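The values are calculated or read from the model by the stated rules, or taken from the named source; none is laboratory data. None of these values were measured; they are calculated from a predicted model. Reconstructed Cβ throughout: ideal geometry from the backbone, glycine too, with neighbour counts over all protein chains shown.
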Amino acid sequence: MKVSAQAPANIAFVKYWGKYNDALTLPSNSSISMNLAELHTITTIEFSEKYRDDIVEIEFFGQRLKVVTDQKKVRVTQQIDRLRKKAKVTKRARVMLINNFPAESGIGSSASAFAALTVASCAALDLHVDRKELSILTRLGGSGSATRSILDGFVEWKKGTLSKDSYATQLAPASHWDIHDVILVVSSKSKKSSSLEGHKLAKTSPYYKARLAELPRRLVLVRQAIRDKSLSKLGIELEKDALSLHFIAMTSTPPIWYLESSTIEVIKEIYTLRNQGIEAYFTMDAGPNIHIICVAKDSSTIKAYFARKPYIETIFVSGSGKGASIIEKHLF
Ligand code: DP6
């Protein structure tokens, strides 16, 4: 059967950084994010006797559709294998993934890709699973943040103590709060160090324990800020959390720098904007690009302000959106 699914990227307010179980992708801390309505991956998968081997085709933003044979194919086929085994199916598959935003630059492309892949595969394999189980199966694919792209709106991924307790739950639907993410792409080049490496190295930072110790309080504050729709409370915590992640990365052995000098330029500009009365807060995932969280009515002013800067490649703006879903239109 051939099935297509669409899943959003998400931006983490409290970030997942480090795992206590690599094989099962069990995170060292719970994390909270917002799904992004405008940034997504669409995936079509077909299982059929006519395929002698799995074929994986990916179209990255601004590039042509390519058949991939490298590590990307391995990651995708490992997830398909896991689901095929569960469904007791041996047929090979053709899978096509199309992204509408740059990949591997800290904008959550593997989150949308693995969520869409898992949802489409489960449906094509006739695996009847609920959202909780879908988020667990997505997590097992290795991109932990993808777990959060399954549900709608504002989502928490619980750390859990066993695989069955580490899944995503909804904190609020997308319609709850009209906030925007203005994404400033300062570099669309693929990052040199993957998040995978960053998660592994986190433990080598002498400050990692301090980060984990401060997170339970931050999680409470961020849940409250979402519930109360308080951007100032959310903003303070999300900036601290992003800096904490990057500080851990920079003080890991060997160190990892995801940030570029333009990232720092933007952060300083955001402080200037705040002094001018525009409530805008920054966060960065494992990449140099900056996500500015603001109320919806300010996003066009912020976009116009940064569009003039020479170091900006592209700007995306997105509100919160729904999680992964099956769609009618097939890619092949
Ligand atoms: C910094 O392992 O989920 O985005 O390497 O893209 O698969 P990929 O990501 P993943 O780690 C993401 C870490 C993060 C923070 C977050 O989204 O929580």
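Numbers at a glance
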read-out: Pair list, Cβ under 6 Å, 6 or more apart: the stretch 107-127 residue within 13 Å of residue 84 (Cβ to Cβ), other residue aliphatic (A, V, I, L, M) and within 9 Å of the ligand (Cβ to nearest atom); value: none
read-out: Members of the stretch 124-136 that are surrounded by fewer than 24 Cβ atoms within 10 Å (Cβ to Cβ) and either among the aromatic types (Phe, Trp, Tyr) or within 15 Å of the ligand (Cβ to nearest atom) (or both); value: 136
read-out: Any hit, the stretch 231-238, residues being of a type in the set (Asp, Glu), farther than 20 Å from residue 101 by Cα and loosely packed, with under 14 Cβ neighbours inside 10 Å; value: no
read-out: Residues of the stretch 72-102 classified as over 18 Å from the mean Cα position of the chain (by Cα), of a type in the set (S, T, N, Q) and over 19 Å from residue 138 (Cβ atoms), total; value: 1
read-out: Meets criteria (within 16 Å of the ligand (Cβ to nearest atom), over 19 Å from the mean Cα position of the chain (by Cα), among the aromatic types (Phe, Trp, Tyr) and surrounded by 14 or more Cβ atoms within 10 Å (Cβ to Cβ)) for residue 247; value: yes
read-out: First in the stretch 1-17 and under 20 Å from residue 158 (Cβ atoms) and among the charged types (D, E, K, R), second anywhere and more than 8 Å from the ligand (Cβ to nearest atom) and modelled with pLDDT of 95 or more, Cβ under 6 Å, 6 or more apart; value: 15/241
read-out: Among (1) within 15 Å of the ligand (Cβ to nearest atom); (2) touching a helix residue (DSSP H, G or I) at 6+ places or on another chain (Cβ under 6 Å) - the single one residue 148 does not satisfy; value: (2)
read-out: Number of positions in the stretch 205-243 that are without any contact (Cβ under 8 Å) to a residue 12 or more places away in the chain and more than 13 Å from the ligand (Cβ to nearest atom); value: 9
read-out: Enumerated helices (runs of 4 or more DSSP H) restricted to the stretch 53-148, each holding at least 2 residues that are modelled with pLDDT under 95; value: 71-87, 109-124
read-out: Any hit, the stretch 176-195, residues being in a helix (DSSP H, G or I) and free of Cβ contacts under 8 Å to residues at least 24 places away in the same chain; value: no
read-out: Residue 202 being crowded, with 19+ Cβ neighbours inside 10 Å, over 20 Å from residue 75 (Cα atoms) and within 16 Å of the ligand (Cβ to nearest atom); value: yes
read-out: In the stretch 237-295, the residues that are basic (Lys, Arg) and out of contact with any Lys or Arg (no Cβ under 9 Å at 6 or more places or on another chain); value: 268, 274
read-out: Pick from the stretch 1-34, criterion within 9 Å of the ligand (Cβ to nearest atom) and part of a loop (DSSP other than H, G, I, E, B), ranking: surrounded by the fewest Cβ atoms within 10 Å (Cβ to Cβ); value: 25
read-out: Count - residues of the stretch 172-204 that are of a type in the set (A, V, I, L, M), over 17 Å from the mean Cα position of the chain (by Cα) and under 25 Å from residue 229 (Cβ atoms); value: 2
read-out: Unique residue being touching a strand residue (DSSP E or B) at 6+ places or on another chain (Cβ under 7 Å), surrounded by fewer than 24 Cβ atoms within 10 Å (Cβ to Cβ) and closer than 20 Å to residue 10 by Cα when the list is 154, 101, 61; value: 61
read-out: Of all residues making up the stretch 175-195, the number that are near the ligand (Cβ under 10 Å from one of its atoms) and either surrounded by fewer than 16 Cβ atoms within 10 Å (Cβ to Cβ) or closer than 20 Å to residue 238 by Cα (or both); value: 2
read-out: The stretch 265-276 residues that are in contact (Cβ under 8 Å) with a residue 60 or more places away in the chain, paired with ones that are buried (at least 19 other Cβ atoms within 10 Å of the Cβ) (beta carbon under 9 Å, 6 or more apart); value: 266/184; 266/186; 266/282; 266/290; 266/292; 266/306
